[in-house]
Amino acid sequence: MPTITEIAMGRIVRHILAVVVGLFAGSLVNMGLIQLGAGLVPPPAGADVGTIEGLQAALPLFEPRHFLFPFLAHALGTLAGAIGATLLAPGRSAGPAWAVGVLFLCAGIANVFLLPGPLWFDVLDLVCAYLPMAWLGQRMVRGRAARVVRTEAA
C-alpha cells in the first residue's frame with residue numbers, strides 16, 4: 001500500500017507533467033497561428049521580419065491588422081495550454097492552468113521588452129491574452145466535467 005508521501009509525490013509529478021504538456025500544447029497553437037497570420041496578413045513592403053533586429057526595425061510600419069494574429073496566438077495558445085493542463089491535472093484542479101497562464105504571461109512581458117509594439121497592443125495583450133484565457137480554459141474543462149457528472153447522475 002502506498003504511503004501518504006508517495007501519493008503526494010505522485011500528485012505533484014502529475015501536476016508538473018500537466019503544466020509541461022499545457023505549455024507544449026499552447027506553444028504549438030501559438031506558433032501555428034503566428035505562421036498562419038504571416039501568410040494571411042503579409043508584413044509591410046520592405047519589412048524584414050526574418051530576424052529579431054529586422055522585426056524591431058519594422059514594428060513602426062505595422063498597422064493594427066498586423067497585430068491581430070499575434071494577439072490571437074497569445075490568447076488561444078494560453079487557452080489551449082490551460083485546457084490541456086486542466087484535463088491532465090489530478091481532480092481537474094486549477095493550479096496547472098494558472099501556472100500555464102502565468103508562464104505565458106512572463107513570456108508576454110519579456111516579449112514587450114524584446115519587441116515593443118504600440119502601447120495599446122502591449123496593454124491589451126498583457127491584460128487580456130494570458131490570465132483571463134487561463135481562467136477560461138480551466139473553467140471550460142471543469143464546467144464540462146460538472147455537466148457530465150450531473151447527466152450521469154440523472
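Our coupling estimate for segment 103-112, obtained by passing each phi through the Karplus curve with A = 6.51, B = -1.76, C = 1.60 and θ = phi - 60°, is 5, 5, 4, 4, 5, x, 5, 4, 5, 4 Hz, Gly and Pro reported as x. Element breakdown for segment 38-154 at a 1.4 angstrom probe: carbon and sulfur atoms account for 71% of the accessible area. By the helix-only formula, in which each DSSP H run with n ≥ 4 contributes -39500 (n - 2.57) and the sum is divided by residues, the chain has a 222 nm mean residue ellipticity of -26500 deg cm²/dmol. Once you sort the root eigenvalues of the Cα gyration tensor of segment 21-154 as a ≥ b ≥ c, which label holds: rounded (a/c under 1.5), prolate (a/b larger than b/c) or oblate (the other case)? It comes out prolate by the Cα gyration axes.
To test your reading of the geometry: what angle, between 0 and 90 degrees and rounded to tens, separates the Cα axis of helix 131-153 from the longest principal axis of the chain? The angle comes out near 40 degrees. FRET efficiency for the pair residue 13 and residue 106, taken as 1/(1 + (r/R0)^6) with r the Cβ-Cβ distance and R0 = 22 Å, rounds to 0.45.
Surface exposure of the chain, expressed per residue as accessible area with a 1.4 Å probe, stands at 59 Å². Computed from Cα atoms, the angle from the helix 4-40 axis to the main principal axis of the chain rounds to 30 degrees. For segment 33-142, the relative contact order is 32 percent, taking Cα pairs closer than 8 Å that sit 6 or more residues apart in sequence and dividing their mean separation by the residue count. In this structure residue 106 has an accessible area near 70 Å², from a 1.4 Å probe over the protein heavy atoms. The modelled label-to-label distance between residue 5 and residue 38, using points 7 Å beyond Cα along the C-beta direction, is 5.0 nm. Note on residue 126 and residue 55: their simple-model spin labels are 1.8 nm apart, each label 7 Å out from Cα toward Cβ.
With the whole protein complex present, residue 66 retains an accessible surface near 20 Å², based on a 1.4 Å probe. Residue separation of residue 68 and residue 114 scaled by 0.36 nm, minus their Cα-Cα distance, works out to 14.7 nm of gained length.
The values are calculated or read from the model by the stated rules, or taken from the named source; none is laboratory data. Just so it is clear, the model here is predicted, and its values are computed rather than measured. As a convention, Cβ positions derive from the backbone with ideal geometry for all residues, glycine included, and neighbour counts pool all protein chains shown. We work out accessible area using only protein heavy atoms, side chains counted, and drop any ligands, DNA or RNA first. Shrake-Rupley method; radii C 1.70, N 1.55, O 1.52, S 1.80 Å.
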